[in-house]
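Inspection log for the structure reproduced underneath, given as structure tokens.
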Amino acid sequence: MSMDRDAADRPTAALITHEDGSFLEKLEMRLRRGRFAFLAPAIVGTLSLFTGRGAVIALPYGFLLAFFLIPFLIVLKISFSETALSIPPYTELIEVVDDGFEYFVNIKLNLSNYWTILSEDTYVRAYLNSAKIAAISTALCLLIGFPMAYAMARADETIRPTLLMLVILPFWTSFLIRVYAWIVILKTEGGLLNTFLISIGVISADDPLRILNTEWAMYIGIVYSYLPFMVLPLYANLERMDMTLLEAAADLGCRPIKAFWVVTVPLAIPGIIAGCFLVFIPAVGEYVIPELMSGDNVRVIGRKLFTDFASERNWPLAAAVSVVLLMILVIPIMLFQRQQARLQEAGR
Amino acid sequence: MNTASAARVPFEPWNDPKAKPYIRIVNVTKTFGDFVAVDNMNLDIYQREFFSLLGPSGCGKTTLLRMLAGFERPTSGRIELDGVDMSTVPPYERPVNMMFQSYALFPHMTVEENIAFGLRQDGVPKEERNRRVEEMLTLVQLTKFGKRKPHQLSGGQRQRVALARSLVKKPKMLLLDEPLGALDKKLREQTQFELMNIQEQVGITFVIVTHDQEEAMTVSSRIAVMNHGRIAQVATPTEIYEYPNSRYVAEFIGDVNVFEGRLSDVAPDHVVITSAEAGTQVYVDRGTSAALGATVWVAVRPEKLDVSLTAPEQPDFNCVKGTVWDIGYLGNLTIYHVRLADGKKVTAAVANRTRLRDRPITWNDEVYLSWAADSAVVLVS
Amino acid sequence: MTKGLTKINLVALTFGFAFLYVPILILVFFSFNESRLVNVWGGFSVKWYGELFQNEDLLQAAWISLLLAAAASTLSVILGTVAGFVMARFTSFRGRTLFSGMIYAPLVMPEVITGLSLLLLFVSIDWGRGLGTMIIAHTSFCMSYVAVVVQSRLVSFDRSIEEAAQDLGATPFKTFFVITLPVIAPALVSGWLLSFTLSLDNVVITSFTSGPGWDTLPVKIFSAVKLGVKPEINALSTIMIAIVAIGVVTASIVQKRAMVERQRAERMAAAAND
């Protein structure tokens, strides 16, 4: 292995860059000398899109702009319009009036959807409730996931791949089926857990455990479904950890329990953060689990959004709900993105 | 070695004014942002040379090699190969091949496919391709391994596949980036000689990058010692070792003792330096370019010092006195670290020709270190 | 340091895996229950499987799901590979931050937001909802996963083999197809499989972007489960679990064999005196 500075300093070398450089550079030089020098960057910029490197970037970039970013702008736009009995069921934001005498453009920014969200108790509560449930679920995932990941990373090298496969396997099976399995277990009337507990006489048949259609069911559902997302980044992180660090800590007089807290845990923080983001962010907007498991009494924002959209057909309100949800989540999402980008850079 | 080398006339095209350089590096500069990797470099390399670029990490040797291969383009300046300007020719069109430090064998191809890859790119017909691959496998003694994948080979075998792959196209120049860096010491020494034999057989110009001075000394016809993107000295291994042109080169190649002093006598065939640091006058039987009174440095290699418990015949010149500070026994050599009166440390290496001395030199002994007039070099920078 | 499992570790693993697997195993077990009631064991039977295969509606939905998953994951692999390549190789270009944001955000974006935003896009450009819109929608989140997998593979990729190919006369374009792609092919395969499962599993984004008559299997299961527990769903779940389990176990056995074989070859090569 060489740590040659030359090698480290070399810029990302040319796989595609070779051709587009010379021609475009020359063209730009020539254009800059000519009469339309001010157009040079625009012309060269446009052309560079169609040469090697530009085209490679443009393909996924274009797709993501069209089907990821622009849709959000449309959501933002529609969140300012009013619901209407039409197809599509909302008013246009921009109205062009041309009555023969006058021609003008009307822009109607309607803030009533946001007002609804901020003033109506149900929405505020739904947001807070979702955040609370997601946070508690994340903590529970960490509580169960960390010891698992730790045990896996410390297990014998020969059985590690098997353990890893066992964690991944549920992830490959349908999420819906896994939620369904819990419904079968937790049902109040004729659920397996209650049947079992009644049969061994722990509880009486008249007073079964009511778990399904409560917040408890939602915690179970989220923790169960998202556990692999917590275990995998943690395992990846812990497995890479240099075990001699713990030996060094022991050698320097640190007891194993203390070494765990002062060496292992701090080193596992990138994995902990990644795992928490992977659980928390999607859990805030979770729809399927509350819809199937927690009944009508637990109000979360994902369901509220879906009801506004599907049952109420109030698309502008649903749009506003998702804009607010996104605003709440934008900071964790950006932190997640920064962290992932940094992890990838570190692997370089 | 073979008979050809026994009958060989000295190979010194660089001393022949009529010889035309094969590779010319003309005013080449390469910058990465603010960092100047190669700084206005000029260098001529001749056909059939085994040329080494030697220097510490970050001296620009790898960048220079990558410019020769075409992976980097010079920021300014020109690279000519056999009279043709190569500066803007992309790597896949250059008649130059490279052997990578990591060997860069294609993991999804067999040894044969790896070697045939370059020929395939040139559209060489199948029969000829097979024949040349076979030829290469014979050259590197891997005929039995053609059908293996790279991961089924040992480090030394991979290294030979990489060599075969880069030679099969008969390039005008072969670039080798730390070719032996990944091998263990014993295998490396053995492979150095193999590499020299192969170079003689194929007659291709080799340019090698290395940070290992022993390797450079062993294999090279000439060495360019580089420092901070510039060439410190270009010369044969012997010249570099015996007559370094600067303190940098003297200290980079091998161990050396350096004393600062002033020129107190200058003649065409000798100089005398008065060195306060050494506490003696130094007589060197070669002229110098520096003027009388100038500050210069005297470099003496440890093995050129004579260590003795008694004063030599001429204690006024080329002799320093000190106390033995430390002794290192290396088997073939014994290294003495001697401290002079003013605290300067001097290293002497003495060959252990006999098992026992009459009275071994030991710690805290007062010793005299002396050297011959032709052993020291005067350095002006 | 002991490499074996300490007691605490063993407890953590047992508890964790029991939590993950007991519900699934119960589901499988009760799919062979003669009785319609979940909590009453009425004897062994495969009758629910029989009924399942009579259900034209579900079979149709399963077919749509497979078609959608195959199309979306293929498209995702193409776009995701290019995106991962851009992320790994082009360290500086205008808009790179936005690009990397658009790659990572879909990994955590709540599905209701993605679904609604795509629906509003399709409505506002008047794109009739059907298989096409579903494929686009699934690709938009699956390609991120492929991009991340490909990016990590390329980051650990030895660039010098690409340079070697160019040095030996292959153009950059050819190098990508002859050297880079074959070497990272396993990453593309796992990316495709990952996309396939994600697509096959999706309820929320599908319900936003599907048109009438294009219900997928998860959407059907979802509506059925909302109405209550049904033994047919147990049977269906068991079949799906079995397919995945067989697939994953086979894949890992094949992989392990290849690894063992490779290690053996490496040991032998290292032992051989050259």
Amide H within-cut-off set for B:Ala37, under 5 Å, with H built and near neighbours excluded: B:Lys30, B:Thr31, B:Phe32
Relative contact order (%) - criterion: Cα under 8 Å, at least six apart; region: chain C: 29
Extended-chain gain in nm, criterion 0.36 nm per residue less alpha-carbon gap, B:Val89 and B:Asp265: 57.9 nm
Dipole in debye (nearest 20) - chain C, about Cα centre, beta carbon charges: Lys, Arg +1; Asp, Glu -1: 600
Centre separation in Å (Cα based) which lies between region B:66-109 and region C:123-192: 28
Spatial separation of Cα centroids for region C:222-262 and region B:258-298, in angstrom: 86
Residue-wise HN-Hα coupling along region A:66-77, computed from phi with Karplus coefficients 6.51, -1.76, 1.60 (Hz; x: Gly, Pro): 5, 10, 10, 7, 4, x, 5, 5, 5, 4, 4, 4
Spin-label model distance (nm) - B:Ser57 vs A:Lys132, 7 Å beyond Cα toward Cβ: 5.5
Acute angle (nearest 10 degrees) that the helix C:131-155 long axis makes with the longest principal axis of chain C, alpha-carbon atoms: 40
Local electrostatic count at C:Gln166 - Lys and Arg +1, Asp and Glu -1, tallied over other residues with Cβ under 10 Å: -2
Degrees between helix B:111-121 axis and first principal axis of chain B (Cα, 0 to 90, nearest 10): 70
Carbon + sulfur, % of accessible area of region C:57-230 - ligands and nucleic acids excluded, 1.4 Å: 68
Net lengthening on full extension, A:Glu157/A:Asp251 (0.36 nm per residue, minus Cα-Cα): 31.4 nm
Angle between chain B longest axis and helix B:185-202 axis [Cα atoms, degrees, rounded to 10]: 60
Rounded to the nearest 20 debye, dipole of the protein assembly as shown from Cβ charges on Lys, Arg, Asp, Glu: 1100
Inter-part distance where region C:9-86 and region B:130-175 are each reduced to a Cα centre, Å: 51
Three-way shape call for region A:112-347 based on the alpha-carbon gyration tensor, with the a/c threshold at 1.5: oblate
Mean Cα-pair separation over length for chain B, i.e. relative contact order, pairs under 8 Å, 6 or more apart, %: 14
Local net charge near B:Asp269, Cβ-Cβ under 11 Å (Lys/Arg +1, Asp/Glu -1): 0
Estimated FRET transfer efficiency (B:Arg78, B:Val350; beta-carbon r; R0 56 Å; 0.05): 0.65
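The values are calculated or read from the model by the stated rules, or taken from the named source; none is laboratory data. Keep in mind the model is a prediction, meaning the values are calculated, not measured. Heads up, the Cβs are rebuilt from the backbone with ideal geometry, glycines too, and the neighbour counts pull from every protein chain shown. Surface accessibility is based on the protein's heavy atoms, side chains included, excluding ligands, DNA and RNA. Shrake-Rupley method; radii C 1.70, N 1.55, O 1.52, S 1.80 Å.
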